[in-house]
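**Student:** Structure in structure tokens, see below.
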Amino acid sequence: MSILSALDQAKAVQKREISRAELVAKHLETIAALNPRLNAFVDMRGRRAIADAKALDTLKPAPRSVLDGAVTGVKDLNMMRGMFTRLGTKQMRFFLSPFDDSVVARMRQAGLQIVGKLAASELGSSPVTEPFTHGPTRNPWISSHNAGGSSGGSGAAVASGMLAMAHGSDGAGSIRIPASFCGIFGFKATHSLIPNPLGKIDSEDLTTNGPLARDVADLAAMIDVLARLEGRSSLLSRLDAPLTRKPKIHVTFQGPLTVTSPAVVDALGRVARIFETLGFDVEERPWMNGNVEEFLPIWQRLAADVPLPSDYGMMPVTRWLREHGRQVTHTHSMRRKRELEQRVDTWWGDADIWLSPSTPHTAPKNGAYSAMEGAQAFTAMAPIGAFTAIFNLSGQPAGSVPMGYDAEGAPMGVQVVGRRGDDLTVLQLMRILESELADVRNARSPEIHG
């Protein structure tokens with residue numbers, strides 16, 4: 001697929017090789033052709049996006065960031081002025097946002113051209129995106145399977161070539177899961193690096209906003225924009241700098257919630273050998289012990305805190321989470337989070353980096369959980385986040401890198417996790433894998449692509 005990276009789009013705009021309006025129009029054309037088959041975008045601002053671009057083409061403003069002029073979309077859990085914010089639920093189907101939240105405001109201030117809102121699972125509470133509002137967001141690689149969640153629209157848009165980079169958010173793996181399922185890159189920064197626009201809704205601070213993209217440089221550039229990192233603090237400017245030392249790496253293949261598929265185990269083994277060949281100290285270690293019930297009250301409380309008039313018409317799993325979440329006090333939820341965070345710190349050991357599967361298996365089929373009642377559906381879906389959710393509790397930086405395909409051609413991802421505040425090292429190791437796995441990554445093309 002020939003699509004410019006977000007950074008290259010911005011460079012082309014600044015060099016006057018293409019106008020902003022032309023770039024937006026090209027993206028809208030691709031979206032119009034592919035979105036009916038994928039359900040990635042849920043609201044478009046086509047005419048307004050072109051009008052805004054034409055106005056800036058006339059003014060020719062000085063670059064506001066390295067991404068000024070690039071085209072992107074915003075996940076539909078975020079408030080964006082003049083756009084519907086439906087949160088993937090019928091309860092919000094007519095809500096037109098009167099303002100930009102803090103994250104969207106930073107994207108606009110950086111000169112990113114936002115063409116629409118991207119699909120999310122209902123209230124962002126599920127690792128697959130197939131809400132009652134529009135049905136499943138399909139995986140571009142295998143359209144009978146799901147793009148993942150909750151940033152499923154972002155994953156599908158990037159993997160299909162509708163966008164080079166998209167905004168997402170991650171509360172238990174919601175960036176890394178669709179990145180893994182869709183064969184692209186995703187990154188969750190250290191918590192507190194980027195403002196959390198959910199405020200009191202996410203009092204436990206599980207969620208952070210971040211990018212999904214086709215390359216690591218775009219990830220770093222987007223984190224710089226969202227965190228307002230400039231000059232020597234910029235992640236992009238330091239991305240290709242030599243490592244000051246080779247970090248100690250621990251790797252795990254199996255988690256406590258489910259058995260990792262043989263294809264994922266084999267692919268992760270190849271990743272571990274890459275680092276060993278490059279001279280890194282790599283050691284296999286067991287994953288942290290735990291079960292779904294320990295994390296569940298925190299997730300239930302988060303779902304219950306979303307302010308809605310009622311639970312009428314919601315999906316069974318979302319309704320179940322909210323009903324039980326109202327019985328969980330914030331004190332209990334916060335205490336549970338602190339306990340689990342301390343366990344992560346104890347388990348982490350002397351590693352600088354942990355490698356694991358991003359997801360223990362490839363994307364499930366669309367509708368795989370649709371006939372299940374709430375508790376049953378949650379229990380069935382929970383293993384998808386077996387390797388991701390604990391780092392929302394601990395707040396550590398974590399990214400997903402595509403590491404190949406199973407026999408059916410479904411993508412698989414490796415998760416790279418670092419110590420709090422060491423976002424740069426995580427991105428640098430992701431950059432190494434981007435190069436080392438390029439041939440594997442480019443060996444196939446999605447079933448649906450522009």
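**Student:** Neighbour counts of other C-beta atoms within 10 Å: give me Met430, Met80, Met44 arranged from fewest to most.
**Tutor:** Values: Met430 22, Met80 27, Met44 17.
In increasing order of surrounding Cβ atoms, one gets Met44, Met430, Met80.
**Student:** Return the FRET efficiency for the residue pair Ala241, Ile201: r is the Cβ-Cβ distance, R0 is 35 Å, and the value is rounded to the nearest 0.05.
**Tutor:** So, using R0 = 35 Å, E works out to roughly 0.40.
**Student:** Applying 1/(1 + (r/R0)^6) with R0 = 45 Å to the Cβ-Cβ distance of Ala438 and His332, what FRET efficiency is obtained, to the nearest 0.05? Spell out each step's value before the answer.
**Tutor:** Working: r = 47 Å, r/R0 = 1.05.
The formula returns an efficiency of 0.45 here.
**Student:** Could you tell me how far the Cα centroid of the stretch 326-372 sits from the Cα centroid of the stretch 250-284, in Å?
**Tutor:** 19
**Student:** Taking H as built 1.01 Å from N, whose amide H comes closer than 5 Å to the amide H of Met165, not counting residues under 5 places away?
**Tutor:** Distant-sequence amide H within range of Met165: zero hits.
**Student:** Taking the highest mean first, how do the peptides 181-188, 87-94, 106-113, 163-170 order by number of other beta carbon atoms within 10 angstrom per residue?
**Tutor:** Details: 181-188: 32.2, 87-94: 19.4, 106-113: 21.5, 163-170: 29.2.
Taking the mean over residues of other Cβ atoms within 10 Å, the ranking is 181-188, 163-170, 106-113, 87-94.
**Student:** Can you put Leu56, Leu38, Leu427 in order, fewest other beta carbons within 10 Å first? Please report the intermediate quantities before stating the final value.
**Tutor:** On the way: Leu56 18, Leu38 24, Leu427 27.
Lowest to highest Cβ neighbour count: Leu56, Leu38, Leu427.
**Student:** Beta carbons within 10 angstrom, averaged per residue: use that to sort the peptides 65-76, 275-286, highest first. Each step should come with its number before you reach the end.
**Tutor:** Working: 65-76: 27.6, 275-286: 13.8.
In decreasing order of mean packing, 65-76, 275-286 become 65-76, 275-286.
**Student:** Which FRET efficiency, nearest 0.05, do Ala407 and Lys248 yield, Cβ-Cβ r, R0 22 Å? Walk me through the numbers before you get to the answer.
**Tutor:** Values: r = 34 Å, r/R0 = 1.52.
For Ala407 and Lys248, the calculated efficiency is 0.05.
**Student:** Nothing charged except the Cβ atoms of Lys and Arg (+1) and of Asp and Glu (-1): what's the magnitude of the dipole of the stretch 6-441 about its Cα centre? Round to the nearest 20 debye. Could the numbers behind the result be given before it?
**Tutor:** On the way: 48 positive and 45 negative charges, 245 e Å.
The calculated dipole for the stretch 6-441 is roughly 1180 debye.
**Student:** Then there is this: I want to verify a result. In a Gaussian network model of the chain, Cα cutoff 10 Å, which of these has the top mean-square fluctuation: Ser237, Ser400, Ser358?
**Tutor:** Largest GNM mean-square fluctuation: Ser237.
**Student:** Rank Gly153, Ile390, Leu243 by how far each Cα sits towards the positive end of the charge dipole of the chain (+1 on Lys, Arg Cβ; -1 on Asp, Glu Cβ) and give me just the farthest.
**Tutor:** Going by the Cα projections, it comes out as Gly153.
**Student:** Please build a GNM for the chain, connecting alpha carbons under 10 Å apart, and tell me which residue among Ala241, Ala49, Ala363 fluctuates the most.
**Tutor:** Looking only at Ala241, Ala49, Ala363, the biggest GNM fluctuation is shown by Ala241.
**Student:** Related question: Before rounding to the nearest 500, sum -39500 (n - 2.57) across all DSSP H runs of length at least 4 in the chain and divide by the residue total; then give [θ] at 222 nm in deg cm²/dmol.
**Tutor:** On the way: 16 runs with 171 residues, N = 450.
Value at 222 nm, helices only, nearest 500: -11500 deg cm²/dmol.
**Student:** Sticking with this structure for a sec: Which ordering of Asp439, Asp43 is given by a fewest-first count of other beta-carbon atoms within 10 Å?
**Tutor:** Working: Asp439 7, Asp43 17.
With the fewest neighbours first, Asp439, Asp43 line up as Asp439, Asp43.
**Student:** Let me ask something else about it. Would you be so kind as to identify all helices of the chain, as entire DSSP H runs, whose Cα atoms reach 15 Å or more along the helix's own axis and whose mean Kyte-Doolittle hydropathy is at least -1.0?
**Tutor:** Numbers: long enough: 20-38 (26 Å, 0.12); 46-59 (20 Å, -0.12); 216-227 (16 Å, 1.88); 262-277 (22 Å, 0.65); 292-304 (17 Å, 0.40); 330-348 (27 Å, -1.92); 423-436 (20 Å, 0.41).
Qualifying helices, which must be both long enough and hydrophobic enough, are 20-38, 46-59, 216-227, 262-277, 292-304, 423-436.
**Student:** Tell me which residues come under 5 Å, amide H to amide H, from Ile114 once H is placed; ignore anything under 5 positions away on its chain.
**Tutor:** When sequence neighbours closer than 5 places are left aside, the close amide H contacts are Thr72.
**Student:** Between Ala410, Ala110, Gly171, whose Cα lies farthest towards the positive end of the dipole of the chain when Lys and Arg beta carbons carry +1 and Asp and Glu beta carbons carry -1, centred on the Cα centre?
**Tutor:** Farthest towards the positive pole: Ala110.
**Student:** So, one more: Could you give me D for the chain, from Stokes-Einstein at 10 °C and 1.306 mPa s, where the hydrodynamic radius is the Kirkwood radius over C-alpha pairs? Units µm² s⁻¹, please.
**Tutor:** 74
**Student:** Another question, if that's okay. Report, by chain and number, residues whose modeled amide H sits under 5 Å from the one on Gly404, excluding near sequence neighbours (fewer than 5 apart, same chain).
**Tutor:** Under 5 Å from the amide H of Gly404 lie the amide H atoms of Met412, each far enough along the sequence or on another chain.
Bear in mind that the values in this text are calculations on the coordinates, not laboratory data. Worth saying up front: this structure is predicted, and the values here are computed from it rather than measured. Glycine also receives a Cβ, built like all others from the backbone with ideal geometry; neighbour counts cover every protein chain displayed.
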